[in-house]
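Everything below concerns the one structure shown next.
A short reminder: the numbers here are calculations on the coordinates, not readings from a lab. The model shown is predicted, which means the values in this text are computed figures rather than measured ones. Glycine gets a Cβ as well: all are built from the backbone with ideal geometry, and neighbour counts include every protein chain shown.
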Amino acid sequence: MIRVLVIDDHGLVRQGIRQFLADTPDIIVGADASNAADGLARARREQWGAVLLDLTLPDSHGLDVLKELRREQPDVPILVLSMHPEDQFALRAIRAGASGYLTKNSAPEELVTAIRAVVSGRHYLSPWLAERLAREATGHPFNAAHEQLSDREYQVLMRIASGKTTKQIASEMNISPKTVSTYRTRLSEKMNLTTDAELTAYVFRNRLLE
């Protein structure tokens, strides 16, 4: 039996996953958590067959949780289940150690297939994501400006495009306003874009936010 830990801040999502997997003979939700702190604590207390991880959590970004889980439990497969389209975070999630990436509009049956795949030691990748990774491996990556950014710089970019102030971004990311400004300067230099308006236009032009 595959025991799964679900880390997602939406109660309806956690309940839906639990109910659907209850009808699957070889997979069961052993526990769930609504935030990063609780999720990490539960992950440390027990052995898990797999972790289902959302990227949007109230107390930490899912990529940071993913990296922490990977450091502490390198053998546990982590499947990201996110509301964000693949072209926003999938590559970053795989680079950070995820075994697969699914969007929340995927069919429930695909979730079962993905869990079984990652538990068996394989990655679960869409054709789009597999192509991106293959191009990276052969030294021919796609050279979109935002793909040069670190995970933290990318998170700041997304929040700028969402209209957040420096103070709001600092609060959400649990960093100082000065650090936010540093990330802001770095990402502007890497992308060769100066103003918030230019950064926001880039994000929406490339459909990084809907």
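Please express the Cα-Cα pair-distance distribution P(r) of the chain as a list of whole percents, one per 10 Å bin, running from 0 to the bin with the greatest distance.
8, 33, 34, 20, 5, 0
Where Lys and Arg each count +1 and Asp and Glu each count -1, what net charge lies around S150 among other residues with Cβ under 15 Å from its Cβ?
Net local charge, S150 excluded: +3.
Over 18 Å, how big is the tail of the calculated P(r) for segment 145-205, in percent of all Cα pairs?
That tail contains 22 percent of the Cα-Cα pairs.
Using only DSSP helix segments of four residues or longer, with each worth -39500 (n - 2.57), what per-residue ellipticity at 222 nm results for the chain after dividing by its residue count and rounding to 500?
Mean residue ellipticity, 222 nm, calculated: -15500 deg cm²/dmol.
Evaluate Rg over Rh across segment 76-197, taking Cα atoms for both radii and Kirkwood's formula for Rh.
Ratio of gyration radius to Kirkwood radius for segment 76-197: 1.03.
Just rank L55, L149, fewest to most, by other beta-carbon atoms within 10 angstrom.
L149, L55
Hey, if you put +1 on the Cβ of every Lys and Arg and -1 on every Asp and Glu Cβ in the chain, which of M191, A50, G100 ends up farthest toward the positive end of that dipole?
Toward the positive end, the furthest listed residue is M191.
Quick check: the angle from helix 196-205's long axis to the longest principal axis of the chain, C-alpha only, nearest 10 degrees?
50 degrees
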